[in-house]
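Q: One structure, pasted below without further comment.
A short reminder: the numbers here are calculations on the coordinates, not readings from a lab. Given the structure is predicted, the values throughout are model-derived calculations rather than measurements. Don't worry about glycine lacking a Cβ; one is built from the backbone with ideal geometry, like all the others, and counts go over all protein chains shown.
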Amino acid sequence: MTRIRRAPGLLVLAGALGCASTPSNPGMPAGTTEARITPADVRSRIYLVAHDSMRGRQAGETGNVTMTGYLAAEIARIGLEPAGEDGTYFQTIPMVRRRSDPQSSLVVNAERLELFSDFVPVRPTSSLRSGTALAVSGAGTVYGGRAGDTTVVLRPDQTAGKIVVLDAPLGSDGKPTAVYTAPTGLATIQFPSAAAVAVTALDLLTPAAKAAARVSANGLGTYADTSPLAILVSRHTAETLMGASLASLSPGATGRSVTARVSFIDVPVAAPARNVIGILRGSDPSLRGQYVAVGAHSDHIAVEARAVDHDSLRAFNKVMRPEGRQTPLRAPTPGESARIRAILDSLRRLAPPRRDSINNGADDDGSGSVAALEIAEAIAAGPRPRRSLLFVWHTAEEGGLLGSSWFVDNPTVSRDSIVAQLNMDMVGRGPDSLRVTPRTIQIIGARRLSTQLGDIVEATNRARETPFRIDYSYDARRHPLNRYCRSDHYNYARRGIPIAYFSRGYHEGYHMVIDEAQYIDFDGLADVADFIGDVAVAIANRPERIAVDGPRMDPRAPCLQ
């Protein structure tokens, strides 16, 4: 099995360089990287892509254009062939910035419900649905159970033209949450004949999320589909719609009639939203027309409306939100407050307060983007594998997997020629509890479509000098976090392409301003890149294409964890 050799023993050097190695100009590489995968190289790249001047790399903003420009320049230097549009490394996706029309209305029994207080329309996925997205008079309502509960099946005639009301999804602690709101995914496609799907999660949003909803409730939009409109509603609104408490209802119960007119206002994005695509051509003339895809997402999330104290947030999250925004927010107990104070006091002895509003996304997914660059550079140095490698840095993952959806539906190579896709998302840190030796890596989906892919992953890991401990717990069917459906690999899987999703998991910095380069485990990230590169080479060098022996899904069917 061909190995991608990484240089050992460079972590001490990287640490000794300290802040002096932090790039001051993220538009240009800080220096020449080695062909081998090294902690020093991933360190220099992470500090570059998570620099404040990138402004969080949000898709459709100038920071993401800077990021994608850097990626394209690097793969050109490495020697990858352009595989975007018109002989370039870029594939531009049609995208708009969308917000709710303040004239939107929802009326039940002559009671006019208030936009943003009682209901918030959620981003539809179609830019062609700007303007009026929902216009109904006297439409019925039907209770669909709890969001994310795929055991509930309603007949199309029960939901056709109606508003389906769902209770809030459950989080990993078994409590209702708005952290993962199924309306932009599973809930809307679970009831395709509905006029709208209303999820009772508005009361669970944080004050910051509610404030953001007034400015841009619906984020990004792209090309057309036929999903019903999604709406977040308060519990009062849900029970007004149904005319009864949700706890008293069974799925299929009908409620009151609704008159609604919901509209959206679209404006152009500030900068092009683009995937970055390059090919490392294989060595075998008979196999080089097949591709092993390696991917990550280049974007992150918007700058916060208000700056917060960096160390205060770290201290709070260490105790109260160990998985960042994935952990529901609640008030600390007196004992927890004391622990937070003790942590903050220790941090204050090291540095003064620092206000911060930029979500740098060093781990999410600066780490995956950098790992993909390092893999490309290492394999390009030779020997080349038999099949070609297709590197895709997707944009707008945070906007709803839009970049990967656009690429898979509009591929720049034959979709049937892609034999597998390896996705990396948040591979630079992981929770403190799993940052141990041997290191732990979470793998999702590797056996769902191809048991051979799962076998290759495990065999490659066993061949390592120090194997990873593989955590498959998040791959469990019906896992409440639904992670199989929440990153770019899913769009490949829905088209029948075997995938393996690699992550080191959530941590206190997830979707927070404290996801910064200084907290990345550079040696561990180099290990991850080395491992996934070896998996890619192993797939690419097989005499036969890996077999698809798992059940294929309908590309338009609900994603089921």
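Q: Short version: ³J(HN,Hα) in whole Hz for each residue of the range 150-163, in order, from phi by Karplus 6.51 cos²θ - 1.76 cosθ + 1.60 (θ = phi - 60°), x for Gly and Pro, what are they?
A: 7, 7, 7, 10, 10, 5, x, 5, 6, 10, 4, x, 9, 9
Q: Moving on. Hey, can you rank 368-377, 335-344 by average C-beta count inside 10 Å, highest first?
A: Listed from highest to lowest mean packing, they are 368-377, 335-344.
Q: Hey, another quick one. Amide H to amide H under 5 Å from Val294: which residues, 5+ apart in sequence or cross-chain, H placed 1.01 Å off N in plane?
A: Leu390, Phe391, Val392, Leu422
Q: Same structure, new question: Identify all lysines with a Cα-Cα distance to Lys318 below 28 Å; exclude those on the same chain that are fewer than 8 residues away in sequence.
A: Answer for Lys318, where 28 Å is the Cα cut-off: Lys175, Lys210, listed by chain and number.
Q: Looking at the chain, what % of its DSSP beta bridges pair antiparallel, to the nearest 5?
A: Restricted to the chain, the bridges split so that about 55 percent are antiparallel.
Q: When the Kirkwood hydrodynamic radius is evaluated over all pairs of different C-alpha atoms of the range 282-416, what value in angstrom, to one decimal, is obtained?
A: Mean inverse Cα-Cα distance, inverted, gives 18.5 Å.
Q: Which residue, chosen from Asn317, Ala35, Ala547, occupies the Cα position most advanced towards the positive end of the dipole of the chain, where the dipole is computed from +1 (Lys, Arg) and -1 (Asp, Glu) charges on Cβ about the Cα centre?
A: It is Ala547, whose Cα lies furthest towards the positive end.
Q: Related question: Just want the answer: with Cβ charges of +1 for Lys and Arg and -1 for Asp and Glu, which residue in Gly454, Pro102, Thr259 is farthest toward the dipole's positive end in the chain?
A: Thr259
Q: Based solely on its DSSP helices, what 222 nm [θ] is calculated for the chain when runs of n ≥ 4 H residues each add -39,500 (n - 2.57) and the sum is averaged over all residues, nearest 500 deg cm²/dmol?
A: For the chain, the value works out to -7500 deg cm²/dmol.
Q: Still on this structure, I have one more. Arranged from highest to lowest average of other beta-carbon atoms within 10 Å per residue, in what order do the peptides 70-77, 154-161, 59-66 appear?
A: 59-66, 70-77, 154-161
Q: Related question: Which of Gly366, Val419, Pro176 sits closest to the plus end of the dipole of the chain, meaning its Cα is farthest towards the positive end, when Lys and Arg get +1 and Asp and Glu get -1 on the C-beta?
A: Working it through, the farthest residue towards the positive pole turns out to be Pro176.
Q: With a ≥ b ≥ c taken as the square roots of the eigenvalues of the C-alpha gyration tensor of the range 308-353, please select rounded if a/c is under 1.5 and otherwise prolate if a/b is larger than b/c or oblate if it is not?
A: oblate
Q: If amide H atoms are built 1.01 Å from N in the plane of the peptide, which residues on other chains or at least 5 residues away come under 5 Å of the amide H of Arg146?
A: Placed amide hydrogens put Asp167 under 5 Å from Arg146.
Q: Assigning unit charges at the beta carbon (Lys, Arg +1; Asp, Glu -1) and nothing else, what dipole magnitude in debye, to the nearest 20, does the chain show about its Cα centre?
A: The calculation lands at about 420 debye.
Q: With contacts defined as alpha carbon pairs under 8 Å and 6 or more residues apart, what's the relative contact order of the chain in percent?
A: Worked out over the chain, it gives 20 percent.
Q: Shifting gears a bit: Working out 0.36 nm times the residue gap between Ile265 and Arg341, then minus their Cα-Cα distance, what length gain in nm do you get to one decimal?
A: 22.9 nm
Q: Let me ask something else. In vacuum, with every alpha carbon of the chain counted as one equal point scatterer, what does the Debye formula give for log10 I(q)/I(0) at q = 0.09, 0.10, 0.12, 0.13 Å⁻¹? Two decimals, please.
A: -0.67, -0.83, -1.18, -1.35
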